[in-house]
1. Please go through segment 185-267 and write out the GluC sites (Glu not before Pro) that DSSP classes as loop and that have at most 16 other C-beta atoms within 10 Å.
2. Calculate the dipole size of the chain relative to its Cα centre from +1 charges on Lys and Arg beta carbons and -1 charges on Asp and Glu beta carbons; express the result in debye to the nearest 20.
3. Quick one: check the C-alpha center-to-center distance for segment 112-151 versus segment 168-208, whole angstrom.
4. Would you mind checking which residues have amide H under 5 Å from MET183's amide H? H placed 1.01 Å from N; only 5 or more apart, or other chain.
5. Looking at the P(r) of segment 225-268, how many percent of alpha-carbon pairs lie beyond 17 Å?
6. So for segment 106-255: antiparallel DSSP bridges make up what percent, rounded to the nearest 5?
7. What list of ³J(HN,Hα) values in whole Hz, one per residue of segment 162-168 in order, does the Karplus curve 6.51 cos²θ - 1.76 cosθ + 1.60 (θ = phi - 60°) give from phi, with Gly and Pro shown as x?
8. I need the phi-derived Karplus couplings for segment 102-114: 6.51 cos²θ - 1.76 cosθ + 1.60, θ = phi - 60°, integer Hz, Gly and Pro marked x.
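Bear in mind these aren't lab numbers, they're just calculated from the coordinates by the rules spelled out. Since we're looking at a predicted model, the values are computed, not measured. With ideal geometry, Cβ positions are generated from the backbone for all residues, glycine too; neighbour counts draw on all protein chains shown.
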Amino acid sequence: MPRIAVIPGDGIGVDVTTEAVKVMVAIRASGIDLQWDEFDYNADKYLATGITLPDEEVENFRNNYDAVYVGAVGDPRVPDMTHARDILLGLRFKLDLYVNYRPCHLLDESLCPLRDKGSDDVNFVVFRENTEGVYTHVGGHLKKGTDDEVAIQTSINTRKGVERICRHAFEYAKANGLSKVCMSDKSNAMRFEGDLWQRVFFMVAKEYPDIEASHWFIDALLMQMVKRPEQFDVIVSGNMFGDIITDMGAQLCGGMGLAASGNIHPGKTSLFEPVHGSAPKYAGKDVANPMAAILTVGVMMETLGYPEWTPRLENVVRKMIKTGNVPRDMGGNLGTAAVGDWVVKNL
């Protein structure tokens, strides 16, 4: 019985999560005993109580839930985004969610900004190392605010961290019948971490002789993603470059309104979120696009051992696009709730 902790969060996070829960209800009706509980960690709670996400709640999620689903967090009333940082980054680091999984599946050629590229051309996945690199916030300022100010930002890369994300990428390729894994870094400029990444990547690659292993510098990779995206099956990279790659991949597939993601520790409690922001000014107006939130339910179910739900939900979204039953930001007339209802009706 999969158990989900649902955190709708802030702004349109509440709106799109409502539609995601409709899909969870439909999944449960199909015969999967899916259960969930909702938690009110958001800006309102932080402003009223000073509570972001307590350590004891993280332990509750770790011990009693299979997944955490987050709608979106962020609110201009909290300018330093303390609550958002504690919820998202806190869960990533405290639950050791070292795999950021971003499928980049173009669902309709009309969504792609590249000329003459279709669903077969833009069809790859990206694995971003999710707990190391510059996102560890190691560094600081010296003589801040003066003419002599120095800012230092340190990128942390461990042999363990690099090896496990590279191995996950190859294991995914093997399990899904994919033939190519590409690693990207900037080792011609960032020599020390690049040396570690390249040595470990090609060491792991030797264990998978049937899978082609390749390497691109990050700038060259992005150019190739635009020029010839069909050459990629699986891409793996570090935290910062992976962040850039995944957003590029999302844009090739139609933008953030369709971008699903998982923050995963295989076999343990993991976190799933649409990667768009909370857009507070649109909250409650029935205008937010919930497709990314709905597709994220598919990624969550896939990770929980029900892989059929990713293609099922993707196929419904394909049908929506073909028939023009899409929200306003995609050129249609459906409101947030109507999109969720349409998906459930057509599953």
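1. Details: sites: GLU193, GLU207, GLU212, GLU230; in loops: GLU207.
Those that pass, being in a loop and sparsely packed, are GLU207.
2. Values: 36 positive and 47 negative charges, 100 e Å.
I would put it at about 480 debye.
3. 18 Å
4. Those qualifying (amide H under 5 Å, at least 5 residues apart or on another chain) are SER214, HIS215, TRP216, VAL236.
5. 41 percent
6. Numbers: 6 of 20 bridges.
Given both bridge residues lie in segment 106-255, the antiparallel proportion sits at roughly 30 percent.
7. Karplus-based 3J(HN,Hα) across segment 162-168 equals 5, 5, 6, 6, 5, 5, 4 Hz.
8. So the Karplus estimates, Gly and Pro as x, are 10, x, 10, 10, 5, 8, 7, 5, 5, 8, 8, x, 8 Hz.
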